[in-house]
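Trainee: Before I ask anything, here is the structure I am working with.
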Amino acid sequence: MLIRIPDVLTADQVKEARAILDAAEWTDGKVTAGHQSAKAKDNMQLPEDSPAARKVGDMILGALGRNSLFLSAALPKTVFPPLFNRYAGGQSFGTHVDNAIRQFPGRPERIRTDLSATLFFAEPDEYDGGELCIEDTYGVQSVKLPAGHMVLYPSTSLHHVTPVTRGARVSSFFWLQSMIRSDEQRTLLFDLDLAIQRIGGELAGNPAADQSTVQLTGVYHNLLRQWAEL
Ligand code: NI
C-alpha cells in the first residue's frame, strides 16, 4: 500500500527545518547506497551524524509519534533515524530497490526495511522534475508533494527520482520496521481501523453501531495479536 500523509510537519516546522538544512554541509549521496544503488544514485546528502540531520530528524520522529494516520498505516516497531537528500542541476536517482537490512549508525541494532518514507521539504513549484516514481502492482505512481507532506510505501517497490532540472528538491528519507511484516496484512488492519473510526465517529450514540464498534475493535486487536512481531 502506498499512502500520502498530509501535514506531518506544520508550516512553521518546515520553515525552521529548511533554515537548518539550507545552512548545512552536504556531501555526495553515494555514501549510504548499496553496491547496486550507488551506480544509479546522483544526489547530495547530509552525513548521518550531522547535527542538522539529527535536529531535523528528531523533529520528524516527534511529529510521526503524534500522527494517527502514520501510526495506523505503518504500525511502526522501529523507525530508522531520518536521512536527508538534495537534488539540483539535473541530479536524479535511477531505478533501484532499497537495502533490506539497515544498520543503525554507531549502534548494534539493525532493522528490516518494511516501509520506505519520503518527507518533502521543498514546495513543488520550487523545482522542476524530482518526481518520486514508485512501481506498485497497479502501475507507476508519480509522487511530488507539498512541503511537510510525506509518502509511505512498501520497501519492496522499485522506485526512482526523475532529474531535477530547475531549483532544488530537498527531502528526508528513511525506513521503518513494522510490527506487521506483511504489506497485505498491514493494509487489512489499516482498512479495518479506518472503518471502525468512521463508524465510531458518524454513528456514535446509536446502540447497534456502538456494539458493532466494540466487536470490530476486538477483531482488530485479535488480528494484531496474531500477526504482530515485537
Ligand atoms: Ni530508494
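The values are calculated or read from the model by the stated rules, or taken from the named source; none is laboratory data. The structure presented is a predicted model; accordingly, all values stated were derived computationally and were not measured. Counting neighbours? That spans all protein chains shown, and the Cβs are built from the backbone with ideal geometry, glycine included. Each accessible area value is taken on the protein alone, full model and side chains, heavy atoms only, with ligands, DNA and RNA left out. Shrake-Rupley method; radii C 1.70, N 1.55, O 1.52, S 1.80 Å.
Trainee: Could you list, in sequence order, the residues of the stretch 23-38 that are open to solvent by 90 Å² or more (accessible area, probe 1.4 Å), within 17 Å of G57 (Cβ to Cβ) and not in a loop (DSSP other than H, G, I, E, B)?
Mentor: Result: V31, single match.
Trainee: Follow-up question, since we're still on this one. Within the stretch 206-215, does at least one residue satisfy the condition of being in contact with a Gly (Cβ under 7 Å, 6 or more places away or on another chain), without any contact (Cβ under 8 Å) to a residue 40 or more places away in the chain and of a type in the set (S, T, N, Q)? Can you show your working first?
Mentor: Step one: list which residues in the stretch 206-215 are in contact with a Gly (Cβ under 7 Å, 6 or more places away or on another chain), which gives 213.
When the remaining residues are screened for being without any contact (Cβ under 8 Å) to a residue 40 or more places away in the chain, the result is 213.
Filter once more, so that each one left must be of a type in the set (S, T, N, Q): 213.
Yes.
Trainee: While we're here: Within the stretch 31-62, restricting attention to residues that are more than 20 Å from the chain's Cα centre (by Cα) and within 16 Å of the ligand (Cβ to nearest atom), which residue is modelled with the highest pLDDT?
Mentor: D42
Trainee: Between a first residue in the stretch 10-38 that is of a type in the set (V, I, T) and a second residue that is within 13 Å of the ligand (Cβ to nearest atom) and open to solvent by less than 80 Å² (accessible area, probe 1.4 Å), which pairs have beta carbons less than 8 Å apart while being 6 or more apart in sequence or on different chains?
Mentor: Hits for this filter: T27/Q45; V31/Q45; T32/Q45; T32/L83.
Trainee: Within the stretch 182-204, is even one residue closer than 29 Å to P105 by Cα and outside any helix (DSSP H, G or I)? Quick ask: steps written out before the conclusion?
Mentor: Going residue by residue through the stretch 182-204, those that are closer than 29 Å to P105 by Cα are 182-183, 186.
Still in the list and also outside any helix (DSSP H, G or I): 182.
Yes - at least one qualifying residue is present in the stretch 182-204.
Trainee: Scan the stretch 64-111 for residues that are among the basic types (K, R) and either within 16 Å of the ligand (Cβ to nearest atom) or in a strand (DSSP E or B) (or both) and jot them down.
Mentor: Result: K77, R86, R102, R110.
Trainee: Collect the residues in the stretch 137-164 that are over 23 Å from V14 (Cβ atoms), open to solvent by 60 Å² or more (accessible area, probe 1.4 Å) and part of a strand (DSSP E or B), keeping them in residue-number order.
Mentor: The answer is V140, and nothing else.
Trainee: What do you reckon, is S37 polar (S, T, N, Q) and touching a strand residue (DSSP E or B) at 6+ places or on another chain (Cβ under 8 Å)?
Mentor: So S37 fits the description; yes.
Trainee: In the list L230, L223, which residue meets the criterion of being aliphatic (A, V, I, L, M) and open to solvent by 60 Å² or more (accessible area, probe 1.4 Å)?
Mentor: Numbers: L223 fails: open to solvent by 60 Å² or more (accessible area, probe 1.4 Å).
Result: L230 is the single residue among L230, L223 that is aliphatic (A, V, I, L, M) and open to solvent by 60 Å² or more (accessible area, probe 1.4 Å).
Trainee: Could you say whether any residue in the stretch 50-63 is touching a residue at least 40 places away in the same chain (Cβ under 8 Å) and in a loop (DSSP other than H, G, I, E, B)?
Mentor: No, because not a single residue in the stretch 50-63 is touching a residue at least 40 places away in the same chain (Cβ under 8 Å) and in a loop (DSSP other than H, G, I, E, B).
Trainee: Also, quick follow-up: If you go through the stretch 167-176 one residue at a time, do you hit one that is more than 12 Å from the ligand (Cβ to nearest atom), farther than 20 Å from M44 by Cβ and either assigned to a strand (DSSP E or B) or open to solvent by 10 Å² or more (accessible area, probe 1.4 Å) (or both)?
Mentor: So far as the stretch 167-176 goes, yes, one or more of its residues are more than 12 Å from the ligand (Cβ to nearest atom), farther than 20 Å from M44 by Cβ and either assigned to a strand (DSSP E or B) or open to solvent by 10 Å² or more (accessible area, probe 1.4 Å) (or both).
Trainee: Sticking with this one: Please find, within the stretch 96-108, the residue that is modelled with the lowest pLDDT out of those that are open to solvent by 70 Å² or more (accessible area, probe 1.4 Å) and more than 25 Å from Q185 (Cα to Cα).
Mentor: G106
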